[in-house]
Amino acid sequence: MAAAMTVTRFAPSPTGMLHIGGARTALFSWLYARHRAGRFILRIEDTDRERSTAEAVGVILDGMQWLGLAADEGPYYQTQRFLRYREAVSALLASGLAYRCYCSKEELERMRAEQIARKEKPRYDGRCRDRAAPRAGIDPVVRFRNPLDGEVIVDDLVHGRVVFQNRELDDLIIARSDGTPTYNFCVVVDDMDMRITHVIRGDDHLNNTPRQINMLRALGGEPPAYAHLPMILGADGAKLSKRHGAVSVLQYREEGYLPEALLNYLARLGWSHGDQELFTLEELVAAFDIRDVNKSAAAFNPDKLLWVNQQHLMRAPLARLAPLLGAQLARLGIECRDDPLLEGVAALQRERARTMREMAEASRYFFLPRVELEEKAARKHLGPEGAAALARVRERLQSLPVWSAEPIHRALAELAAELGAGLGTVAQPLRVAVSGGAVSPPIDATVALIGRERVLDRIDRALEWTQRAGERGGQSP
Ligand code: GLU
């Protein structure tokens, strides 16, 4: 018989945002399916109606789309499958593998208090297992009849063999008194119906697994393979939280990270392939195996994420970066979405920007009609000598026959040689004049991109600044 096709799923509860941990779980499930030429299913676990919101669903779907983790099936919504869960509850009741429990709240509380007093672990003691008669005035819940003895073995693909004793597991409620199914039961029915072969999820769910396996078997299903992923910690060793930047993945989009960079970084959180740090998505798909995931928790390192992002900025097609840069500039109030300069600016800036936002922040002067001169840079480079050099630069640039980086560079180098000075003597005043500050990409390319007319205009304004400064200086006592 041919081996079954690999089917994985990502099953988020829409009670909050899609954060770093969820995104990594989704990525590992997606990668594993892709690696095995299988299928990847998206399932929204929205049975907790009080805590689930349509907004959170939207954020999850947007996040998945931005990350490029396309599902082959779904999204399925558990709230649309209640009939099916009801049917599964009935089947278990009919076969005696589930039973109605008529215990009142008070009775359960008493049971619990007595167990604690006897220093026992509080658990449902199964007193309704064999109670046949309904009790007046009580709408029963339905409990799964968990096996009383024996063990459940989970051969976890990450954690190895984990053995649970059935006597440690009590009879889980699978339907509430209003008939709605409970979380663990829905997961089981879905994993069975959707023919999931590999359940990849956070290891906070490991303790649910033996119960889920028992219920799955009771329903006539075969348990899938399980892989429980270790937590992601902050750099301080505490569980990742907002304080560490455990924000929605969409915030990374806003801050100008590339999705492939975030995926690359997330893949390396707890998984490795030799000492390779940088991967394209195709390389990840080819190299990824769930068995290579590390058992111990991984630490989230924002600086490394920035580094990985920059590496991906360096590799990305400029045609992709241009609209991202335009969008980031728009956030800064600079509308230049179709500006033909965007690609060229991205080409110049990506060596020094770690995110598209940083790139935009450092690129304002390419797009603004005029620049503000930074006081400190102007004082340093636009004094009388700087201005004199700048005036000579202006002459050269004005008469340059071809306006491109190389002749601009040559003109500046020749002028520096004539002045018997280093290139910086002519380049720095020019840099301050065109960019407003003392930092920019190589000046020849920068000047070439900004264009002759604007450059000459900016030089004039810089020279005026020097003149005004001189006048001010002259007036002061
Ligand atoms: N809905 C669960 C969660 O968001 C995941 C359940 C599972 O993957 O089995 O944590």
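Conditions (1) among the hydrophobic types (A, V, I, L, M, F, W, C); (2) open to solvent by less than 80 Å² (accessible area, probe 1.4 Å), marked per residue:
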| site | (1), (2) |
| --- | --- |
| Arg100 | no, no |
| Cys103 | yes, yes |
| Glu107 | no, yes |
| Arg112 | no, no |
| Ile116 | yes, no |
| Glu120 | no, no |
| Tyr124 | no, yes |
| Asp139 | no, no |
| Arg143 | no, yes |
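Residues that are more than 9 Å from the ligand (Cβ to nearest atom) and under 25 Å from the mean Cα position of the chain (by Cα) within region 197-220 comprise His198, Asp203, Leu206, listed in sequence order. Across region 147-155, a minimum of one residue is classified as exposed (fewer than 14 other Cβ atoms within 10 Å of the Cβ), under 25 Å from Met5 (Cα atoms) and more than 16 Å from the ligand (Cβ to nearest atom). Would you say Tyr32 is under 19 Å from Thr280 (Cβ atoms), of a type outside the set (A, V, I, L, M, F, W, C) and within 14 Å of the ligand (Cβ to nearest atom)? Yes; evaluated as a whole, the condition is true for this residue. Against the test of being open to solvent by 10 Å² or more (accessible area, probe 1.4 Å), within 16 Å of the ligand (Cβ to nearest atom) and part of a loop (DSSP other than H, G, I, E, B), the options Pro134, Pro223 yield a single qualifying residue, Pro223.
Just one of the listed residues (Tyr76, Tyr32) is closer than 18 Å to Asp191 by Cα and part of a strand (DSSP E or B), namely Tyr76. Aromatic (Phe, Trp, Tyr), in contact (Cβ under 8 Å) with a residue 60 or more places away in the chain and closer than 24 Å to Ala227 by Cα - does that describe any residue in region 156-170? Taking every residue of region 156-170 in turn, none turns out to be aromatic (Phe, Trp, Tyr), in contact (Cβ under 8 Å) with a residue 60 or more places away in the chain and closer than 24 Å to Ala227 by Cα.
Filtered by the rule that a residue be in contact (Cβ under 8 Å) with a residue 12 or more places away in the chain and either touching a His at 6+ places or on another chain (Cβ under 8 Å) or assigned to a loop (DSSP other than H, G, I, E, B) (or both), region 45-69 gives Glu45, Asp46, Thr47, Asp48, Arg49, Arg51, Ser52, Thr53, Gly68, Leu69.
Before we move on, is Gly38 surrounded by fewer than 22 Cβ atoms within 10 Å (Cβ to Cβ), touching a strand residue (DSSP E or B) at 6+ places or on another chain (Cβ under 8 Å) and at pLDDT below 95? No: the conditions fail for Gly38. Here are some conditions: (1) open to solvent by 20 Å² or more (accessible area, probe 1.4 Å); (2) over 20 Å from Met231 (Cβ atoms); (3) touching a residue at least 24 places away in the same chain (Cβ under 8 Å). Val7 meets all but one. Which one does it not meet? Here Val7 clears every test but (1). Condition check for Ile41 on (1) within 25 Å of Leu263 (Cα to Cα); (2) in a helix (DSSP H, G or I); (3) among the β-branched types (Val, Ile, Thr): one failure, at (2).
Scan Phe185, Phe144 and give me the residue that is more than 14 Å from the ligand (Cβ to nearest atom) and at pLDDT 95 or above.
Values: Phe185 fails: more than 14 Å from the ligand (Cβ to nearest atom).
None of the others qualify; the one that does is Phe144.
Residues that are touching a helix residue (DSSP H, G or I) at 6+ places or on another chain (Cβ under 8 Å), under 21 Å from Ile44 (Cα atoms) and not in a strand (DSSP E or B) within region 172-195 comprise Gly179, Thr180, Asn184, Phe185, Cys186, Val187, Val188, Val189, Asp190, Asp191, Met192, Asp193, listed in sequence order. Condition test on Arg161, is it assigned to a strand (DSSP E or B), more than 16 Å from the ligand (Cβ to nearest atom), open to solvent by 50 Å² or more (accessible area, probe 1.4 Å) and out of contact with any Cys (no Cβ under 8 Å at 6 or more places or on another chain)? Considered against the rule, which asks whether it is assigned to a strand (DSSP E or B), more than 16 Å from the ligand (Cβ to nearest atom), open to solvent by 50 Å² or more (accessible area, probe 1.4 Å) and out of contact with any Cys (no Cβ under 8 Å at 6 or more places or on another chain), Arg161 comes out as yes. Residue count for region 1-18 under the criterion of being more than 11 Å from the ligand (Cβ to nearest atom) and part of a strand (DSSP E or B): the result is 1. Of the residues making up region 56-91, those that are surrounded by 20 or more Cβ atoms within 10 Å (Cβ to Cβ) and touching a Pro at 6+ places or on another chain (Cβ under 6 Å) are Ala56, Ile60, Leu67, Tyr85. The requirement of being at pLDDT 95 or above, in a loop (DSSP other than H, G, I, E, B) and crowded, with 21+ Cβ neighbours inside 10 Å is fulfilled somewhere in region 284-298, by at least one residue. Of the set (1) hydroxyl-bearing (Ser, Thr, Tyr); (2) open to solvent by 10 Å² or more (accessible area, probe 1.4 Å); (3) more than 13 Å from the ligand (Cβ to nearest atom); (4) under 20 Å from Val189 (Cα atoms), all apply to Thr53 but (4).
For the subset of region 226-241 comprising residues that are within 13 Å of the ligand (Cβ to nearest atom) and assigned to a strand (DSSP E or B), which member is farthest from the chain's Cα centre (by Cα)?
Tyr226
The set of residues in region 84-125 being closer than 21 Å to Arg217 by Cβ, out of contact with any Lys or Arg (no Cβ under 9 Å at 6 or more places or on another chain) and either part of a strand (DSSP E or B) or not basic (Lys, Arg) (or both) consists of Tyr85, Glu87, Ala88, Val89, Ser90, Ala91, Ala94, Ser95.
The values are calculated or read from the model by the stated rules, or taken from the named source; none is laboratory data. These numbers were taken from a predicted model, which means no experiment stands behind them. Glycine gets a Cβ as well: all are built from the backbone with ideal geometry, and neighbour counts include every protein chain shown. To get the accessible areas, we keep the full protein, side chains included, count just its heavy atoms, and leave off ligands, DNA and RNA. Shrake-Rupley method; radii C 1.70, N 1.55, O 1.52, S 1.80 Å.
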